[in-house]
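Remarks on the structure that follows.
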Amino acid sequence: MRSNVLKKAPTWGLILLFFICFQLAAAERPGSAAIATAHPLATAAGHHLLRAGGNAFDAAVGVSAVLAVVEPYSSGIGGGGFWLLHRASDGFETMLDGRERAPLAADRDLYLDQAGKVIPNLSIDGALAAGIPGEPAALAHLARYYGRLSLADSLGPAIRLAREGFKVDSHYRRMAGWRLAVLRAHPASAEQFLQQGEVPVEGTLIKQPDLAETLERIALHGADGFYKGETAQRLVDGVRAAGGIWSLDDLASYRVVERQPIVGRYRGLKITSAAPPSSGGIALVTMLNILQGFDLQSQDEPLRTHLLVEAMRRAYRDRADYLGDPDYVDIPVDALTHPWYAAGMAHDIQLHRASPSVGNIPPAPEGQDTTHFSILDKEGNRVAATLSINYPFGSGFVVPGTGVLLNDEMDDFSASPGVPNVYGLVGGEANAIAGGKRMLSSMTPTFVEDDRRVAILGTPGGSRIITMVLLGILEMADGKGPDSWVERPRFHHQYLPDMIQFEPDAFSDSLKQQLTAMGHNLKPLDRQYGNMHGILWDKREGKVEAASDPRGLGLAQVVKTSSQNRE
């Protein structure tokens with residue numbers, strides 16, 4: 001009897017070993033898919049593509065394209081962005097740089113008058129404000145090299161919505177009202193986005209048949225469907241007729257660039273974020289490195305807030321001095337992200353006294369442009385993507401016959417060193433205009449992880465994007481979930497103007513008094529800002545959570561892959 005048991009023992013051992021291995025493998029797969037975007041139609045499109053057999057990268061193509069249709073005030077195929085990717089099968093990570101480029105004919109004096117002064121609004125409104133779009137090329141690249149579905153399949157939901165229409169909501173009306181004058185100034189824009197020259201009433205169906213045809217050409221021919229052939233010719237003819245300087249060579253020579261993300265550490269967390277020409281990753285790691293030198297958890301709220309502001313101040317100062325397109329300028333990435341460099345800046349912080357910023361710039365308008373989404377599929381593939389056309393409704397110029405609303409990202413260059421852009425950001429020579437150059441960005445799609453947790457997050461918000469992501473990461477570091485990241489009251493400092501901008505009710509009266517006593521200048525804002533979307537996967541508990549910012553109209557949805565029922 002004993003011998004029979006001994007003979008069977010190896011079999012049971014193998015079964016046990018197999019079970020353990022299976023459990024370990026399962027722990028590295030979420031078992032649920034999560035998508036958080038700024039619009040319910042985009043979230044629905046992403047889950048539709050996952051159910052159709054696609055992965056997170058296919059879903060990212062579909063979500064990007066749908067947002068381009070239903071959020072014309074935030075992003076579009078006439079704009080660009082950054083797609084941060086993690087491939088679960090081998091841990092490979094990359095950032096797709098689909099940032100716009102300056103037309104080859106552009107030069108550093110493009111927006112200056114004969115006296116060398118910046119001409120107001122020239123880099124914001126109209127065809128001359130538009131960089132060469134990167135989003136169509138990025139979506140084709142994403143589908144070809146990382147997705148499972150065809151580009152045509154992934155673009156299908158966006159094409160349908162462009163042709164059949166989507167309903168105007170309150171946010172659309174607010175953004176269209178803000179940019180009403182420039183939309184009225186261009187007939188194709190007014191026809192596409194207004195109703196008899198006025199902001200459409202809620203519930204109005206916005207149909208974009210020209211945009212649907214352009215998307216169909218991309219679906220059929222890939223990037224060539226936009227950057228060459230009929231669409232390219234229409235784009236160049238329309239831009240030049242409206243005073244722009246695009247050429248067919250500008251479009252044909254555009255390329256997506258895969259860049260190594262910026263990586264840092266904070267309190268046991270690995271931070272993976274956007275690389276230049278985004279300033280987001282470097283500034284974020286710089287701030288976290290500075291804060292690593294302080295025990296924030298033991299500080300009272302005034303001192304903790306003071307330390308955060310001083311870290312923000314120093315990171316944004318470096319942003320202005322060093323950052324630009326890495327293909328055109330040498331950026332000391334290793335030095336700027338090194339803990340020793342941050343330790344030197346931390347040593348310079350006085351614990352109870354604000355550091356003065358040199359210079360004075362008036363506060364900029366609030367940023368309500370740009371969009372972000374976060375995706376996690378059942379295999380653990382993930383995407384954090386932040387996309388933009390810069391100002392709400394971009395340049396306000398739709399190229400006739402294409403349905404393509406162009407960006408005004410040229411304003412993100414330094415039109416003149418020391419002169420702020422529309423968001424109050426000051427730049428230097430590193431971000432001066434040059435033909436073919438990518439402009440500096442604040443977009444900060446980010447992954448945060450340790451042995452137990454994986455987070456995917458990001459937000460729109462102009463110059464305030466980086467500090468919003470910082471505050472979200474600090475919430476995660478304190479053990480809080482995505483609801484806390486997206487709901488947290490926000491404040492911001494960007495070196496110049498030398499002031500702490502903060503949301504209504506973010507600071508108590510007592511906190512305001514104590515910060516003022518430290519020498520900080522306070523600028524209360526009239527309303528909230530940002531629209532963060534985050535996902536958290538807790539590997540130990542086998543749980544996936546997602547949250548969309550209550551400040552926006554988005555939808556975060558977690559779906560169990562076995563039943564496709566929402567959790």
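The values are calculated or read from the model by the stated rules, or taken from the named source; none is laboratory data. Fair warning: this is a prediction, and the values are worked out from it, not measured in the lab. Here the Cβ is made from the backbone with ideal geometry for all residues, glycine too, and neighbour counts use every protein chain on show.
Among the conditions (1) over 30 Å from E379 (Cα atoms); (2) surrounded by 21 or more Cβ atoms within 10 Å (Cβ to Cβ), the only one that L180 does not satisfy is (2). Restricting G53, G91 to those that are more than 16 Å from the chain's Cα centre (by Cα), surrounded by fewer than 22 Cβ atoms within 10 Å (Cβ to Cβ) and free of Cβ contacts under 8 Å to residues at least 24 places away in the same chain reduces the list to G91.
Yes or no: the stretch 303-317 includes at least one residue that is small (G, A, S) and touching a helix residue (DSSP H, G or I) at 6+ places or on another chain (Cβ under 7 Å). Please lay out each step first, then the result.
From the stretch 303-317, those small (G, A, S) are 311, 315; that's our starting set.
So of that shortlist, the ones also touching a helix residue (DSSP H, G or I) at 6+ places or on another chain (Cβ under 7 Å) come out as 311, 315.
Checking the stretch 303-317: at least one residue is small (G, A, S) and touching a helix residue (DSSP H, G or I) at 6+ places or on another chain (Cβ under 7 Å).
Filter the stretch 88-120 for residues that are in a loop (DSSP other than H, G, I, E, B) and among the basic types (K, R); which is farthest from L139 (Cα to Cα)? Working first, answer last.
Quick first cut of the stretch 88-120, residues in a loop (DSSP other than H, G, I, E, B) only: 88-92, 99-100, 102-111, 113-117, 119-120.
From the residues that got through so far, the ones that are among the basic types (K, R) too are 99, 108, 117.
Working: R99: 12, R108: 30, K117: 38 Å.
Among residues in the stretch 88-120 that are in a loop (DSSP other than H, G, I, E, B) and among the basic types (K, R), the one farthest from L139 (Cα to Cα) is K117.
Within the stretch 103-122, the residues that satisfy the criterion of being in contact with a Leu (Cβ under 8 Å, 6 or more places away or on another chain) and either charged (D, E, K, R) or touching a residue at least 40 places away in the same chain (Cβ under 8 Å) (or both) are L110, Y111, V118. Here H186 clears all of (1) surrounded by 14 or more Cβ atoms within 10 Å (Cβ to Cβ); (2) out of contact with any strand residue (DSSP E or B) (no Cβ under 8 Å at 6 or more places or on another chain); (3) not hydroxyl-bearing (S, T, Y) except the condition numbered (2). The conditions are (1) surrounded by fewer than 20 Cβ atoms within 10 Å (Cβ to Cβ); (2) touching a helix residue (DSSP H, G or I) at 6+ places or on another chain (Cβ under 9 Å); (3) over 26 Å from G243 (Cα atoms), and E198 fails exactly one of them. Which is it? Condition not satisfied by E198: (3). Every listed requirement among (1) surrounded by fewer than 18 Cβ atoms within 10 Å (Cβ to Cβ); (2) part of a loop (DSSP other than H, G, I, E, B); (3) at negative phi; (4) modelled with pLDDT of 95 or more is met by G519 save one, (3).
Taking the stated definitions as given, is D325 touching a Pro at 6+ places or on another chain (Cβ under 8 Å), within 24 Å of D412 (Cα to Cα) and either touching a residue at least 24 places away in the same chain (Cβ under 8 Å) or hydrophobic (A, V, I, L, M, F, W, C) (or both)? Step through it out loud before you land on a result.
Values: touching a Pro at 6+ places or on another chain (Cβ under 8 Å): yes; within 24 Å of D412 (Cα to Cα): yes; either touching a residue at least 24 places away in the same chain (Cβ under 8 Å) or hydrophobic (A, V, I, L, M, F, W, C) (or both): yes.
When the stated conditions are applied, D325 passes them.
Residues in the stretch 541-561 that are touching a residue at least 12 places away in the same chain (Cβ under 8 Å) and part of a loop (DSSP other than H, G, I, E, B): G542, D549, P550, R551, G552, L553, G554, T561. Look at the stretch 361-386: where a residue is within 29 Å of F491 (Cβ to Cβ) and in a loop (DSSP other than H, G, I, E, B) and a partner is at pLDDT below 95 and aromatic (F, W, Y), sitting 6+ places away or on another chain with Cβ atoms under 6 Å, you get A364/Y423; G367/Y423; D369/Y391. Which one is farthest from L376 (Cα to Cα) among residues in the stretch 455-489 that are of a type in the set (D, E, K, R) and part of a helix (DSSP H, G or I)? That would be R464. Of everything in the stretch 222-244, what is buried (at least 18 other Cβ atoms within 10 Å of the Cβ) and either of a type in the set (V, I, T) or farther than 28 Å from S150 by Cβ (or both)? Give them in sequence order. Listed by number, the residues that qualify are T231, V236, G238, V239, A242, G244. Could you say whether any residue in the stretch 70-87 is more than 23 Å from A274 (Cα to Cα) and part of a helix (DSSP H, G or I)? Yes, because at least one residue in the stretch 70-87 is more than 23 Å from A274 (Cα to Cα) and part of a helix (DSSP H, G or I). The set of residues in the stretch 273-284 that are within 30 Å of D451 (Cβ to Cβ), touching a Leu at 6+ places or on another chain (Cβ under 7 Å) and not in a helix (DSSP H, G or I) comprises S273, A274, P276, S279. Can you name the residue in the stretch 291-332 that is closer than 14 Å to H520 by Cβ and charged (D, E, K, R) and, of all such residues, is nearest to the chain's Cα centre (by Cα)? Selected residue: R313.
Taking the stretch 238-268 only, how many residues are assigned to a loop (DSSP other than H, G, I, E, B), closer than 30 Å to I473 by Cα and of a type in the set (A, V, I, L, M)? Lay out the reasoning, then the answer.
Step one: filter the stretch 238-268 for residues assigned to a loop (DSSP other than H, G, I, E, B), giving 242-247, 253-256, 260-261, 267-268.
Next, only the ones that are closer than 30 Å to I473 by Cα stay: 256, 260-261, 267-268.
Restricting the remaining residues to those that are of a type in the set (A, V, I, L, M) gives 256.
Going through the stretch 238-268 one residue at a time, the tally reaches 1.
Please find, among P524, P489, the residue that is surrounded by fewer than 17 Cβ atoms within 10 Å (Cβ to Cβ), closer than 26 Å to S442 by Cα and under 23 Å from the mean Cα position of the chain (by Cα). Give the steps one after another, and end with the answer.
On the way: P524 fails: under 23 Å from the mean Cα position of the chain (by Cα).
Going through P524, P489 in turn, the sole match is P489.
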